[in-house]
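Comments concern the structure below.
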Amino acid sequence: MTDPLPAGSTIGILGGGQLGRMLSVAAARLGYRSHVYEPAANPPAGDVAHRVTTAGYDDAAALAAFAASVDVITYEFENIPTSALDLLEAQRPIYPDRRALSVSQDRLVEKAFLRDLGLQTAPFAAVNDEDGLTGALAEIGTPAILKTRRLGYDGKGQARLDTPGDADAALAAMAGAPAILEGFVAFSHEVSVIAARARDGAVAAFDPGENVHEGGILRRTTVPARLTAAQRTDAVLLAGRILNALKYVGVMGVELFVTPKGLIVNEIAPRVHNSGHWTQDGCAVDQFEQHIRAVAGWPLGDGGRFADVVMENLIGDDIARVPEIAREANAALHLYGKAEARPGRKMGHVNRIVPARG
Ligand code: AMP
């Protein structure tokens, strides 16, 4: 195993949102500094990072100076432009590496990768134009969802087709971008596994959480999830398979649909994940520390869970409920320091620890 990064080393983090903020805190707890790179001014991570660079991903000089100032690079989001990655990668190691990014940046590549691993996905077909959509609909049928291949998150760049008559409107919603048609999966509920792989190949997974979305945005994660013992094992094993296939280093979120035919993989996120925030108050080593451990060449925490937790996202005006939540017992607040509460904007979250019965 490679030696861990020495104390006082600097971890470069691309992206200064709440995930970057919580990664910075975890890095500091392990004796590291963080340098955050973010195009927008006053990012949430800027309050806690040792250093912040405010520059675009097309600023070669800023990227080079950033890379020169750090020992290793990681990121909080997967849509980092290729040109920026080329430049950074030439100077410092990036974890998770290019392979994980190229798979997760493109829904079509991602689905094909998962299928080739022998995992179940929604039926899918590439759609580039009207003829492509007609062909894909003939193969997959309705209901279905048309999604842009790239740059989709929180339900954006998606259109549902209840009948083939919805094809024109769905295609228009893609605005000419290459797309993928997915058959609609009749799932009973959604779960996710947050798993990590260390530099030496060790894998650790957190207990799967059950996720509820509202308006395409994660509202709540509950652990334990409603899963049979066999499904729980399946979820953890399939996450391990994905991590090993990619020789991955770091934390990954794997989103799954629970169906009578087993677990179907929806998507993977090569980073810490909103549905893993419960680990901050349910585990000795949370997902943020786990990620920093992996990136810095440490052994992983075991991922064991010591409490039942319900994580609720505080979105937009929910932030006004903070004084009330602050009076609740067993409710751990995590606020992101964002000044302006816009609709749909993630302002913070609360982890409610469910006391053991009996
Ligand atoms: P995504 O951006 O792909 O994670 O999709 C956002 C949400 O849309 C998911 O969490 C599901 O609730 C729903 N969804 C996405 N794809 C499908 C599908 N193929 N079948 C059923 N529901 C889906």
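Points to keep in mind about this one:
- Failed criterion for residue 166 (all others in (1) of a type outside the set (S, T, N, Q); (2) touching a residue at least 60 places away in the same chain (Cβ under 8 Å); (3) in a helix (DSSP H, G or I) hold): (2)
- Cβ-Cβ distances below 6 Å connect the following pairs, each with a first residue in the range 109-130 that is closer than 19 Å to residue 245 by Cβ and open to solvent by 80 Å² or more (accessible area, probe 1.4 Å), a second residue that is in a loop (DSSP other than H, G, I, E, B) and not hydrophobic (A, V, I, L, M, F, W, C), and a separation of six or more residues or different chains: 115/121.
- Selection within the range 195-222 - within 16 Å of the ligand (Cβ to nearest atom), open to solvent by 20 Å² or more (accessible area, probe 1.4 Å) and either in a loop (DSSP other than H, G, I, E, B) or hydrophobic (A, V, I, L, M, F, W, C) (or both): 212, 215, 216, 217
- Residue 167 being more than 24 Å from residue 291 (Cβ to Cβ), away from the ligand (no atom under 16 Å from the Cβ) and open to solvent by less than 40 Å² (accessible area, probe 1.4 Å): yes
- When residues of the range 176-194 are limited to those that are in a loop (DSSP other than H, G, I, E, B) and near the ligand (Cβ under 9 Å from one of its atoms), the one farthest from residue 283 (Cα to Cα): 184
So that you can scan it fast, the table gives a plain yes or no per residue for (1) more than 15 Å from residue 289 (Cα to Cα); (2) in a helix (DSSP H, G or I):
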site	(1), (2)
16	yes, no
19	no, yes
24	no, yes
31	no, no
42	yes, no
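- Scanning the range 94-153 for residues that are within 16 Å of the ligand (Cβ to nearest atom), of a type in the set (Lys, Arg) and in a helix (DSSP H, G or I) returns 107, 111, 115.
- Near pairs, Cβ below 9 angstrom, 6+ apart or cross-chain, from the range 179-193 (over 21 Å from residue 232 (Cβ atoms)) to any residue that is hydroxyl-bearing (Ser, Thr, Tyr) and more than 11 Å from the ligand (Cβ to nearest atom): 183/142; 184/142
- Test for residue 226: is it closer than 13 Å to residue 257 by Cα, surrounded by fewer than 16 Cβ atoms within 10 Å (Cβ to Cβ) and more than 10 Å from the ligand (Cβ to nearest atom): yes
- The set of residues from the range 56-75 being open to solvent by 10 Å² or more (accessible area, probe 1.4 Å), assigned to a loop (DSSP other than H, G, I, E, B) and not charged (D, E, K, R) comprises 56, 57.
- Residue 282 being open to solvent by less than 10 Å² (accessible area, probe 1.4 Å), within 15 Å of the ligand (Cβ to nearest atom) and either touching a residue at least 60 places away in the same chain (Cβ under 8 Å) or under 25 Å from residue 33 (Cβ atoms) (or both): no
The values are calculated or read from the model by the stated rules, or taken from the named source; none is laboratory data. Remember, predicted model here, so these are calculated numbers, not experimental data. All Cβ positions, even for glycine, are placed from backbone atoms using ideal geometry, and neighbour counts span all protein chains on display. Quick note on the areas: whole protein, heavy atoms, side chains included, nothing else; ligands and nucleic acids left out. Shrake-Rupley method; radii C 1.70, N 1.55, O 1.52, S 1.80 Å.
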